[in-house]
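Heads up: the structure comes next, in structure tokens.
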Amino acid sequence: ENSFNAALAKVLAGNGDGAVATLDASPEKEDALSYYLKAVVGARKGDASMLNNNLNIAIGKDASFKTKAKEDLEFFKFRDNADFKAQVG
């Protein structure tokens, strides 16, 4: 099943690449929440570019993700990353 929930289950099971593939094939692929989840996958993979690119899109679609990302422990290791700080303030 290609849905946000299926992708989330894959993230929680440690299958980030599978989650991204599921999101890309889902009807929700353009939703802000889907981009935010891809940013989480990027953070878990240690991929700052993936994190920042997807977070930028998520925030552009829904500004409330700026505050959420600032407080989200998924991004703790990136709190000093210049691009991340520029996005969340």
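The values are calculated or read from the model by the stated rules, or taken from the named source; none is laboratory data. The structure presented is a predicted model; accordingly, all values stated were derived computationally and were not measured. Virtual Cβ from ideal backbone geometry, glycine too; neighbours counted across all protein chains shown. Just the protein is used for accessible areas: all its heavy atoms, side chains included, with ligands, DNA and RNA removed. Shrake-Rupley method; radii C 1.70, N 1.55, O 1.52, S 1.80 Å.
Report yes if residue 81 is farther than 24 Å from residue 15 by Cβ, open to solvent by less than 60 Å² (accessible area, probe 1.4 Å) and of a type in the set (S, T, N, Q), otherwise no.
yes
Do we find a residue being among the polar types (S, T, N, Q), within 13 Å of the chain's Cα centre (by Cα) and modelled with pLDDT of 95 or more anywhere in the range 61-78? Full working, then the answer.
From the range 61-78, those among the polar types (S, T, N, Q) are 64, 67; that's our starting set.
Add one more test, that the residue is within 13 Å of the chain's Cα centre (by Cα), and what stays is none.
No: the range 61-78 contains no residue that is among the polar types (S, T, N, Q), within 13 Å of the chain's Cα centre (by Cα) and modelled with pLDDT of 95 or more.
Test residue 74 against the criterion of being charged (D, E, K, R), in a helix (DSSP H, G or I) and free of Cβ contacts under 8 Å to residues at least 40 places away in the same chain, and give yes or no.
yes
Could we say that residue 22 is surrounded by fewer than 14 Cβ atoms within 10 Å (Cβ to Cβ) and hydroxyl-bearing (Ser, Thr, Tyr) here? Walk me through how you get there before you give the answer.
Details: surrounded by fewer than 14 Cβ atoms within 10 Å (Cβ to Cβ): no; hydroxyl-bearing (Ser, Thr, Tyr): yes.
The answer is no for residue 22.
I'd like to check something: does the range 49-59 contain any residue that is over 14 Å from residue 88 (Cα atoms) and in a loop (DSSP other than H, G, I, E, B)? Show your work before the answer.
To start, the set of residues in the range 49-59 that are over 14 Å from residue 88 (Cα atoms) comprises 49-50.
Next, only the ones that are in a loop (DSSP other than H, G, I, E, B) stay: none.
The answer is no, given that none of the residues of the range 49-59 is over 14 Å from residue 88 (Cα atoms) and in a loop (DSSP other than H, G, I, E, B).
Would you check which residues across the range 34-60 are of a type outside the set (Gly, Ala, Ser), farther than 21 Å from residue 6 by Cβ and open to solvent by 20 Å² or more (accessible area, probe 1.4 Å) and list them?
Of everything in the range 34-60, those that are of a type outside the set (Gly, Ala, Ser), farther than 21 Å from residue 6 by Cβ and open to solvent by 20 Å² or more (accessible area, probe 1.4 Å) turn out to be 47, 53, 56, 59.
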